[in-house]
Amino acid sequence: MNEATRETMTVRSLAELVGGKVLCGELDACVRGLNSIAEAEPGDVTFLGNARYAASLETSRATAVLVPEGFQGTGGGKACIAVGNPTLAFSMVIRQFGPKKPQARWGVNDLALVDPTARFDADEVSIGVGVYVGEGAVLGRGTILWPGCFVGAGAVIGENCELHPNVVIRERCILGNRVTIHSGSVIGSDGFGYEMFEGRHVKIEQVGIVQIEDDVEIGSCTTIDRARFGRTLIGEGTKIDNLVQIGHNCVLGKHCIIVSQTGISGSTRIGNHVTMGGQVGVAGHLVIGDKVMLLAKSGVTKSIPEPGAYTGYPAKPLMEGRKMLTYPARVPELMERIKRLERRLAALESGTADTSAE
């Protein structure tokens, strides 16, 4: 990231920026960039966000490192700045030295297609090249639609939202304020509903919406299906990774974390502060309570009302689930034991039993 450097500051000034305390090192040393512990060069700032990398500080070439309060190491001669949360504090360093985000141009690009009935203040939104805004859509102040976005008829997007290139917001869906959606995601596609009739799958119309509350962030290529009736709801502050599928009529609570390749089947209700690791699968029409943590690749087939960590397929409380996961690895050993017992039994029945039969 050194090529993105724009200015220089001293270690003393850096400590003031992040609200930290210099434990060791030269206060007047200059920093001008940032990088990881392994790749940092002289002049760079790095951070110790995980104790397992503490040994790497000895060989790191960084000039300064953000460390947790109570850090006891020497830092290999580097300036060590103690902060409450090095990972969070490093975000301030990124804003200082990292590459600047592209700046939106306010107004409506001449190559956008905007229905005349759409409602927004043209001076306080940014509508990029190739954007389509449908009939009766509403855009809040400070909202950015990057090139190629689609906003369907009657959709409502709140203030200070950012839709990255090629995001689709289908008709009548509702976004709150400060919602960020990354490239390629689709909000409000039809729910997956069919009935078998005379040997054919007949599509069931999906006439509900998706509603996304304030401060939600959704990764790339994620799909959230509209409800059959009513709404599919994503609660305030929830963060959804790339490549996640959320079925129709699901309700996700507030401040959840949903990691990549998770699939949540229709009409499932999820509480607040729920975490789902990568590749979690959740069956439909279930209830998952507050503060449930589902470890990666868990398969949920029954409702989980109680908080705690769960793993395995079907998902079980953590210790029980881990035990279940170890059993398949023991199958070869158990099969060999069964074969030895069968040989011994056969020898006993034939009257030739001895220790060699084992």
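The values are calculated or read from the model by the stated rules, or taken from the named source; none is laboratory data. None of the values given here were measured: they were computed from a predicted structure. Positions of Cβ are generated from backbone atoms using ideal geometry, with glycine treated the same way; all protein chains shown enter the neighbour counts.
Please enumerate the residues belonging to the range 186-200 that are among the hydrophobic types (A, V, I, L, M, F, W, C) and either outside the structural domain of W146 (by TED's automatic domain parsing) or assigned to a strand (DSSP E or B) (or both).
V186, I187, M196, F197, listed by residue number.
Here's the yes/no breakdown for (1) part of a strand (DSSP E or B); (2) in contact with a Gly (Cβ under 7 Å, 6 or more places away or on another chain); (3) among the β-branched types (V, I, T):
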site: N160; (1), (2), (3): no, yes, no
site: R178; (1), (2), (3): no, no, no
site: G184; (1), (2), (3): no, no, no
site: V202; (1), (2), (3): yes, no, yes
site: V207; (1), (2), (3): no, no, yes
site: A227; (1), (2), (3): no, yes, no
site: L233; (1), (2), (3): yes, no, no
site: G237; (1), (2), (3): no, no, no
site: K254; (1), (2), (3): no, yes, no
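Which numbered condition in (1) free of Cβ contacts under 8 Å to residues at least 12 places away in the same chain; (2) assigned to a strand (DSSP E or B) is the only one that A309 fails?
Result: A309 passes all but (1).
I174 fails exactly one of the following numbered conditions: (1) under 22 Å from the mean Cα position of the chain (by Cα); (2) free of Cβ contacts under 8 Å to residues at least 24 places away in the same chain. What is the number of that condition?
Only one criterion in (1) under 22 Å from the mean Cα position of the chain (by Cα); (2) free of Cβ contacts under 8 Å to residues at least 24 places away in the same chain is unmet by I174, namely (2).
Quickly run through the range 41-70 and pick out the residues that are out of contact with any Gly (no Cβ under 9 Å at 6 or more places or on another chain), of a type in the set (A, V, I, L, M, F, W, C) and part of a strand (DSSP E or B).
F47
Quick one: what pairs do we get from the range 108-136, first residue over 16 Å from F150 (Cβ atoms), second assigned to a strand (DSSP E or B) and not basic (K, R), C-beta under 7 Å, 6+ apart or different chains?
Final answer for the pair search is R119/V138; A122/G107; A122/V108; D123/G107.
For residues that are surrounded by 10 or more Cβ atoms within 10 Å (Cβ to Cβ) and among the hydroxyl-bearing types (S, T, Y), scanning just the range 299-358, find the one that is farthest from A283 (Cα to Cα).
Ranking the candidates gives T352 first.
What do you reckon, is A118 under 20 Å from S185 (Cα atoms) and assigned by TED's automatic domain parsing to the domain that holds C173?
It is false that A118 is under 20 Å from S185 (Cα atoms) and assigned by TED's automatic domain parsing to the domain that holds C173.
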